[in-house]
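*Asks:* Before anything else, here's the structure in question.
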Amino acid sequence: MRQFSVTRRLPFRATDLLAIAADVRRYPEFVPLCVGARVWDERSDAEGRRHFRAAFDVAYPKLRIAETLSSDVTVDPVALWVRAVSHSGPVKHLDNRWLFHELLRGGTDVDLWLAYEMSSRPLKLLMSGMFDYAMRKIINAFEERAYALYEPVG
């Protein structure tokens with residue numbers, strides 16, 4: 001199973017960054033290769049966590065790739081994390097976690113962690129060469145989105 005993790009220190013409030021990661025309906029506006037997103041079965045639990053199902057349409061026309069990835073998503077606004085898990089479609093297994101650590105002097109450390117295994121051999125081969133690059137593009141897009149939406153703190 002492939003894994004990726006990165007930590008970025010960003011000059012924004014953790015709650016603002018959590019809002020970006022949790023608003024999957026808006027991913028097509030800024031996440032590379034995401035051309036559509038849908039959310040359904042939304043509910044909240046007794047601890048205040050949001051749970052929902054989400055589908056992400058991913059397309060890479062140059063390679064004639066178009067896939068839909070459905071995930072179970074949980075957002076914890078108190079512990080400041082988002083987790084998406086999938087076991088269908090183009091992935092055999094996917095576990096994606098965003099964790100936000102508010103810093104005392106202002107700003108936030110953002111931890112992005114992802115583990116995945118593709119369901120088909122062609123996708124495994126394709127992703128093996130592009131995975132780290134694609135994940136870095138996603139975290140960069142997330143950072144650019146924060147600068148577009150919010151004023152830096154401190």
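The values are calculated or read from the model by the stated rules, or taken from the named source; none is laboratory data. Keep in mind it's a predicted model, so treat the numbers as computed, not measured. Positions of Cβ are generated from backbone atoms using ideal geometry, with glycine treated the same way; all protein chains shown enter the neighbour counts. Surface accessibility is based on the protein's heavy atoms, side chains included, excluding ligands, DNA and RNA. Shrake-Rupley method; radii C 1.70, N 1.55, O 1.52, S 1.80 Å.
*Asks:* Please give the Cα centre distance for the stretch 75-89 versus the stretch 34-59, rounded to the nearest Å.
*Replies:* Distance between centres, Cα-based: 9 Å.
*Asks:* Go through Ser86, Ser119, Ser70 and list them by solvent-accessible area, largest first, probe radius 1.4 Å.
*Replies:* On the way: Ser86 5, Ser119 60, Ser70 30 Å².
The ordering from most to least exposed comes out as Ser119, Ser70, Ser86.
*Asks:* Per-residue ellipticity at 222 nm for the chain, helices alone: DSSP H runs ≥ 4 residues times -39500 (n - 2.57), over residue total, nearest 500 deg cm²/dmol?
*Replies:* On the way: 2 runs with 38 residues, N = 154.
After summing the helix terms and dividing by residue count, I get -8500 deg cm²/dmol.
*Asks:* Then there's this: With the other protein chains left in place, how much accessible area per residue, in square angstrom, belongs to the stretch 1-127 at a 1.4 angstrom probe? Please list the in-between numbers first.
*Replies:* Values: 7050 Å² over 127 residues.
Dividing the accessible area of the stretch 1-127 by its residue count gives 55 Å².
*Asks:* Here's something else I'd like to know. On the accessible surface of the chain, probed at 1.4 Å, how many percent belong to carbon and sulfur atoms? Numbers along the way, then the final one.
*Replies:* Numbers: 4580 of 8770 Å².
Roughly 52 percent, rounded to a whole number.
*Asks:* Report the percentage of all Cα-Cα pairs in the stretch 1-113 whose separation exceeds 21 Å, rounded to a whole percent. Please list the in-between numbers first.
*Replies:* Values: 2574 of 6328 pairs.
Summing the P(r) of the stretch 1-113 above 21 Å gives 41 percent of all pairs.
*Asks:* Would you mind checking the stretch 42-56 for residues with the amide N under 20 Å from a putative spin-label position 7 Å along Cα→C-beta of Val78?
*Replies:* Residues 43-52 qualify, since their backbone N sits under 20 Å from the label point.
*Asks:* Once the piece of chain linking Met130 and Arg8 is laid out straight, how much longer is it, given 0.36 nm per residue of separation minus the C-alpha distance between them?
*Replies:* Difference between extended and current length: 41.9 nm.
*Asks:* Leu104 to Glu47: extension gain in nm, 0.36 nm per residue of separation minus the Cα-Cα distance?
*Replies:* Working: separation 57, 0.36 × 57 = 20.52 nm, distance 2.51 nm.
Contour length minus Cα-Cα distance gives 18.0 nm.
*Asks:* Additional query: Near the amide H of Ile65, under 5 Å away, which other amide H atoms are found, from residues 5 or more places off or on another chain, if H is placed in the peptide plane?
*Replies:* Placed amide hydrogens put Tyr60 under 5 Å from Ile65.
*Asks:* Quick one: if you stick a label point 7 Å off each Cα along the C-beta vector at Glu117 and Glu151, how many nm between them?
*Replies:* Going from the Glu117 label point to the Glu151 one covers 4.9 nm.
*Asks:* In sequence order, what are the phi-derived ³J(HN,Hα) couplings for the stretch 18-28 according to the Karplus relation 6.51 cos²θ - 1.76 cosθ + 1.60 with θ = phi - 60°, rounded to whole Hz, with x for glycine and proline?
*Replies:* For the stretch 18-28, the Karplus curve yields 4, 4, 5, 5, 7, 8, 5, 4, 8, 3, x Hz.
*Asks:* Using a Förster radius of 30 Å, what is the FRET efficiency between Tyr60 and Thr15 based on their Cβ-Cβ separation? Nearest 0.05, please. Each step should come with its number before you reach the end.
*Replies:* Numbers: r = 33 Å, r/R0 = 1.10.
Approximately 0.35, to the nearest 0.05.
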